[in-house]
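Structure, as structure tokens:
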Amino acid sequence: MTTSVDERAARIKLLLMDCDGVLTDGRIWLFDNGEEQKGFHTRDGLGLELWHRAGFKSGIISGRVSSAVERRAHGLGMSFVVQGVKEKVQAFTETVTKAGVTNDEVAFIGDDLNDIPLMLRSGLGVAVADAAVEARERAHYVTKVAGGHGAVREVIELILKAQGRWTQLTADYTDNGLDVAD
């Protein structure tokens with residue numbers, strides 16, 4: 001019997017992701033002084049705020065090191081930021097252990113070949129819409145939007161809806177304190 005995406009999503013307690021190509025569109029601007037710049041989508045930021053408000057933790061596992069990623073992750077309240085790792089599986093295992101969850105309670109969002117082993121170890125393996133073909137083929141779920149364009153928010157919404165929590169967590173925004181009959 002195969003498990004549906006909604007059944008998988010209902011179990012998730014920890015959201016992990018790659019950064020470049022997931023939280024960003026994968027492009028990196030390098031400057032002459034050695035600094036780099038990346039762009040992050042604000043919708044992913046609000047999604048992560050809702051995720052944390054639900055009482056869950058999140059994190060990044062990335063092969064690159066970037067001060068921009070560190071700043072963004074800190075600003076978003078992410079609990080786990082592991083950068084500069086060549087062996088992502090080991091970092092994944094250590095992060096899951098620190099978080100006190102099982103692999104089945106983890107969603108991992110990736111975009112390329114080096115993310116596939118993490119996706120396969122997760123209860124919900126997700127590839128962004130513009131991920132490498134091999135990653136999309138092995139994912140439990142492929143987002144409708146590309147990395148860096150709200151894909152993380154899409155996954156958070158999917159999970160929180162599967163857990164029956166989305167409406168409650170977004171009520172402050174959607175109801176705006178008004179009686180809907182008015």
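Points to keep in mind about this one:
- Residue in the stretch 6-14 that is free of Cβ contacts under 8 Å to residues at least 12 places away in the same chain and either closer than 24 Å to Thr174 by Cβ or buried (at least 16 other Cβ atoms within 10 Å of the Cβ) (or both) present: no
- Residues of the stretch 19-40 satisfying the condition of being within 21 Å of Gly125 (Cα to Cα), out of contact with any strand residue (DSSP E or B) (no Cβ under 6 Å at 6 or more places or on another chain) and of a type outside the set (Gly, Ala, Ser): Asp20, Leu23, Thr24, Asp25
- Among the residues making up the stretch 102-128, those that are in contact with a helix residue (DSSP H, G or I) (Cβ under 7 Å, 6 or more places away or on another chain) and either under 12 Å from Ser58 (Cα atoms) or in a loop (DSSP other than H, G, I, E, B) (or both) are Val106, Ala107, Phe108, Ile109, Asp111, Asp112, Ser122, Gly123, Val128.
- The residue of the stretch 55-64 that is nearest to Arg121 (Cα to Cα), among those that are small (Gly, Ala, Ser) and open to solvent by 10 Å² or more (accessible area, probe 1.4 Å), is Gly63.
- Among the residues of the stretch 65-101, those identified as assigned to a loop (DSSP other than H, G, I, E, B) and surrounded by fewer than 18 Cβ atoms within 10 Å (Cβ to Cβ) are Val65, Gly77, Ser79, Gln83, Gly84, Val85, Lys86, Glu87, Gly100.
- Verdict on Asp44 being more than 19 Å from Asn114 (Cβ to Cβ), part of a loop (DSSP other than H, G, I, E, B), of a type in the set (Asp, Glu) and out of contact with any strand residue (DSSP E or B) (no Cβ under 8 Å at 6 or more places or on another chain): no
- Filtered by the rule that a residue be in contact with a Gly (Cβ under 9 Å, 6 or more places away or on another chain), under 20 Å from Phe92 (Cα atoms) and free of Cβ contacts under 8 Å to residues at least 24 places away in the same chain, the stretch 114-138 gives Ile116, Met119, Gly125, Ala127, Arg138.
- Test result for Glu87, at pLDDT below 95 and over 18 Å from Arg43 (Cβ atoms): yes
- Pair list, Cβ under 7 Å, 6 or more apart: the stretch 149-177 residue under 13 Å from Leu46 (Cα atoms) and assigned to a helix (DSSP H, G or I), other residue open to solvent by 30 Å² or more (accessible area, probe 1.4 Å) and of a type in the set (Val, Ile, Thr): Ala151/Val145; Glu154/Val145
The values are calculated or read from the model by the stated rules, or taken from the named source; none is laboratory data. Given the structure is predicted, the values throughout are model-derived calculations rather than measurements. Neighbour counts run over all protein chains shown; Cβ positions are idealised from the backbone, glycine included. Heavy atoms of the whole protein, side chains included, go into the accessibility calculation; ligands, DNA and RNA do not. Shrake-Rupley method; radii C 1.70, N 1.55, O 1.52, S 1.80 Å.
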